[in-house]
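Enquirer: Take this structure, written in structure tokens, and hold onto it; I'll ask about it next.
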Amino acid sequence: MDKDSPTLPVFGIKRHRMTTDGTGVSTLVGAYGCPLKCRYCLNPLAWNPETLKKCIPMSPETLYEKVKIDALYFLATGGGITFGGGEALLHADFIRQFRKVCGPDWTLTVETSLNVPSAKLEKVLDVVNDYIVDIKDLEPSVYKAYTGMPIDNTLLNLKLLLEKVSLDHVYIRVPKIPEYNTDAHIQQSVTKLKNMGFKNIEVFPYVVRQ
Amino acid sequence: MKGKEKCKALKEIRRQIAEKNDIPYVVSQCKYQGDCLGTCPKCEAELRYLERELAIRQGLGKAVAVAGISISVCASLTACASETENNAPDSGYEDISGNVDVAPYDSEDEVIPETNVGEPEGNVSDSLKESEQNSPENEKEPEIEGKVEGEEGIDETNEPLDTDNLTGDISYINIDPEN
């Protein structure tokens with residue numbers, strides 16, 4: 001492993017995902033780390049310190065060797081790698097380097113809340129194809145209450161996507177968050193996103209684990 | 001999408017790739033009755049076989065057509081869209097922050113691969129890429145890339161973390177969202 005090469009703390013890889021990460025067959029790569037602490041986080045592994053002990057640090061080359069087993073499926077169906085977690089954009093340097101390793105033909109997708117410094121997003125704009133955004137709620141007070149973080153970075157990055165990315169490649173998910181947002185909040189978020197120009201917007205319920 | 005449904009969709013993708021490139025490919029019927037993870041050594045071997053045949057054609061200067069297969073078409077052709085997905089509100093994407101498999105594979109779900117792998121036809125040269133080693137012609141139960149030595153079944157194909165290799169290879173990575 002190149003000492004200077006960025007590494008990805010991988011806690012899971014899921015092959016053969018279909019109809020969940022955009023077009024084609026994809027492999028989901030789960031990486032540790034998230035700036036948010038959402039109450040209903042579906043993947044607390046992504047920020048539980050115990051997970052980090054079990055993560056495998058992978059270089060872009062190592063990951064490529066691992067996932068290229070499905071290259072033919074990717075090429076045939078327009079699929080590729082989906083970086084999830086956690087917050088995929090925390091690993092922007094890695095994703096950028098991974099693109100160099102995997103070449104131009106695979107579709108690279110990030111699952112993100114966009115709550116990262118814009119510099120992170122800027123780093124991947126020319127290497128990532130699709131963005132799947134879990135927006136939480138656009139009402140700042142709801143957002144802060146649910147995630148523990150202010151919404152500012154998210155709003156800045158939404159604008160950045162509007163400016164730099166074809167909106168056909170941005171999929172925004174607006175969750176129904178029990179005890180945090182209401183139908184009115186959700187509708188306001190959807191309306192605001194539509195007014196901004198986003199097209200692919202989906203409302204969905206969070207699954208609350210007991 | 002359940003494992004069996006994935007298996008059928010992936011098989012249909014392989015069939016279409018073969019058809020597009022005039023590669024002899026016998027679509028075999030899986031005899032395993034239970035659910036699976038969507039792939040097994042036999043499925044992997046078929047994929048490696050296609051890769052090898054495509055490499056041969058490329059080596060001969062023939063045009064190779066791979067792209068353009070619709071996963072939704074494959075799913076519908078195999079009638080494998082699950083009830084859950086069909087009934088999902090605003091379907092299209094599942095919960096995106098989850099779905100990363102880390103749970104250990106349940107050996108009770110182990111797939112029993114068929115012994116008579118659909119025997120592909122075609123010439124195999126020594127200059128083929130590494131995937132050739134996994135070909136159905138050469139092995140009854142081909143070695144799968146990334147498979148952990150000494151383990152059986154298909155679990156490694158969908159359980160990619162090499163937990164056996166973790167010892168001494170764990171580093172802590174400081175993730176600071178502000179940097």
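Enquirer: Identify, please: which residue in the stretch A:90-118 is of a type in the set (Asp, Glu) and within 10 Å of another protein chain (Cβ to nearest Cβ) and is, among those, surrounded by the fewest Cβ atoms within 10 Å (Cβ to Cβ)?
Expert: Per the stated criteria, the residue is A:ASP105.
Enquirer: Another one. Could you list, in sequence order, all residues of the stretch A:68-89 that are crowded, with 24+ Cβ neighbours inside 10 Å, part of a helix (DSSP H, G or I) and aliphatic (A, V, I, L, M)?
Expert: A:ALA76, A:ALA88, A:LEU89
Enquirer: From the list A:LEU28, A:LEU36, A:LEU42, exactly one residue is facing chain B (nearest Cβ under 8 Å), assigned to a loop (DSSP other than H, G, I, E, B) and touching a Ser or Thr at 6+ places or on another chain (Cβ under 6 Å). Which is it?
Expert: Just one listed residue meets the conditions, A:LEU42.
Enquirer: If we keep just the residues of the stretch B:58-72 that are closer than 12 Å to B:LYS20 by Cβ and of a type in the set (A, V, I, L, M, F, W, C), which is farthest from the other protein chains (Cβ to nearest Cβ)?
Expert: Top of the filtered list is B:ALA63.
Enquirer: Restricting the search to the stretch A:1-22, which residues are of a type in the set (Ser, Thr, Tyr), within 27 Å of A:LYS176 (Cα to Cα) and either within 15 Å of the chain's Cα centre (by Cα) or more than 7 Å from chain B (Cβ to nearest Cβ) (or both)?
Expert: Correct list: A:THR20 only.
Enquirer: Are any residues in the stretch B:16-27 free of Cβ contacts under 8 Å to residues at least 40 places away in the same chain and either surrounded by fewer than 20 Cβ atoms within 10 Å (Cβ to Cβ) or part of a loop (DSSP other than H, G, I, E, B) (or both), and if so, which ones?
Expert: Matches in the stretch B:16-27: B:GLU19, B:ASP22.
Enquirer: I need the full set of residues from the stretch B:10-35 which are in contact with a Gly (Cβ under 8 Å, 6 or more places away or on another chain) and within 11 Å of another protein chain (Cβ to nearest Cβ), in order please.
Expert: B:LEU10
Enquirer: Right, next: Which residue pairs have Cβ atoms under 6 Å apart, sit 6 or more places apart or on different chains, and have a first residue in the stretch A:184-207 that is among the aromatic types (Phe, Trp, Tyr) and a second that is in a helix (DSSP H, G or I) and surrounded by 15 or more Cβ atoms within 10 Å (Cβ to Cβ)?
Expert: A:PHE198/A:LEU167
Enquirer: Turning to a different aspect of this structure: Please pick out the residue among A:THR112, A:THR107, A:THR51, A:THR62 that is modelled with pLDDT under 95 and among the hydroxyl-bearing types (Ser, Thr, Tyr).
Expert: After applying the criteria, what remains is A:THR51.
Enquirer: Give me the pairs, please: first residue somewhere in the stretch A:37-49 and under 21 Å from A:LYS176 (Cα atoms), second residue anywhere and aliphatic (A, V, I, L, M) and at pLDDT 90 or above, beta-carbon distance under 7 Å, and either six or more positions apart or on two chains.
Expert: A:TYR40/A:ILE177
Enquirer: Give the stretch A:4-16 a look and list any residue that's farther than 23 Å from A:ASN153 by Cα and crowded, with 21+ Cβ neighbours inside 10 Å, or say none.
Expert: Within the stretch A:4-16, A:THR7, A:PRO9, A:VAL10, A:PHE11, A:GLY12, A:ILE13, A:LYS14, A:ARG15, A:HIS16 meet the criteria.
Enquirer: Could you please find all residues in the stretch A:187-205 being surrounded by 19 or more Cβ atoms within 10 Å (Cβ to Cβ) and closer than 21 Å to A:SER141 by Cβ?
Expert: Within the stretch A:187-205, A:SER189, A:LEU193 meet the criteria.
Enquirer: Considering only residues of the stretch A:21-39 that are among the aliphatic types (A, V, I, L, M) and under 19 Å from A:VAL128 (Cα atoms), which is surrounded by the fewest Cβ atoms within 10 Å (Cβ to Cβ)?
Expert: Out of the qualifying residues, it is A:LEU28.
Enquirer: Search the stretch A:148-200 for residues being of a type in the set (Gly, Ala, Ser) and assigned to a helix (DSSP H, G or I), and hand back the single one that is farthest from the chain's Cα centre (by Cα).
Expert: A:ALA184
Enquirer: From the residues in the stretch A:119-133 that are closer than 19 Å to A:ASP152 by Cα and hydrophobic (A, V, I, L, M, F, W, C), which one is nearest to the other protein chains (Cβ to nearest Cβ)?
Expert: A:ILE132
Enquirer: Exactly one of these conditions fails for A:ASP137: (1) crowded, with 22+ Cβ neighbours inside 10 Å; (2) in contact with a Lys or Arg (Cβ under 6 Å, 6 or more places away or on another chain); (3) more than 8 Å from chain B (Cβ to nearest Cβ). Give me its number.
Expert: The one condition A:ASP137 does not meet is (2).
The values are calculated or read from the model by the stated rules, or taken from the named source; none is laboratory data. The model shown is predicted, which means the values in this text are computed figures rather than measured ones. We place every Cβ from the backbone using ideal geometry, glycine too, and count neighbours over all the protein chains shown.
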